[in-house]
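The values are calculated or read from the model by the stated rules, or taken from the named source; none is laboratory data. Quantities reported herein were computed from a predicted structural model and do not represent experimental measurements. Here the Cβ positions follow ideal geometry from the backbone for every residue, glycine too, while neighbour counts run over all protein chains shown.
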Amino acid sequence: MQHQVFQVGLYLALIVGFILVCGFVLKKLNARTLQAAGAIEIKATMTLGIKEKLVVVEYQGRQILLGVTPGCIAKLETFEQNFGPAKDAEQDNTSGAFKVTLQDEITRGKILANAD
């Protein structure tokens, strides 16, 4: 009797282990498939608080700014141009252009300087 209980427990453990291994393999294959397809690429993230962050995602040649919180993911802005990290030689020129663009957006009222 004790031998049969041990066998049943062993087979049950093997089946559960097999299911877990299959789930792990499928998860890894799915992640590689999505990554290989290159459909969505995370370009940058910025933490705003404990659970809030801004994420720049590239999809079909456009960069999309997303606001991410535990309860919501909101599209904040879509950019046709790539605002990726600057190269060493272009760093000063790009940061100056970004500063001018940001200032223009603030003066137009698209971005609130003091959002209370």
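Listed by first and then second residue, the pairs linking a residue in the range 1-23 that is surrounded by 10 or more Cβ atoms within 10 Å (Cβ to Cβ) to a residue that is not hydrophobic (A, V, I, L, M, F, W, C) and not in a helix (DSSP H, G or I), with Cβ atoms under 8 Å apart and 6 or more places separating them unless they lie on different chains, form an empty list. Against the conditions (1) modelled with pLDDT of 85 or more; (2) surrounded by fewer than 10 Cβ atoms within 10 Å (Cβ to Cβ); (3) of a type in the set (A, V, I, L, M, F, W, C), residue 37 satisfies every one except (1). Whenever a residue of the range 46-72 is touching a residue at least 12 places away in the same chain (Cβ under 8 Å) and of a type in the set (Val, Ile, Thr), its partners that are surrounded by 12 or more Cβ atoms within 10 Å (Cβ to Cβ) and not in a strand (DSSP E or B), lying with C-beta atoms within less than 6 angstrom and at least six residues away or across chains, give the pairs 69/52.
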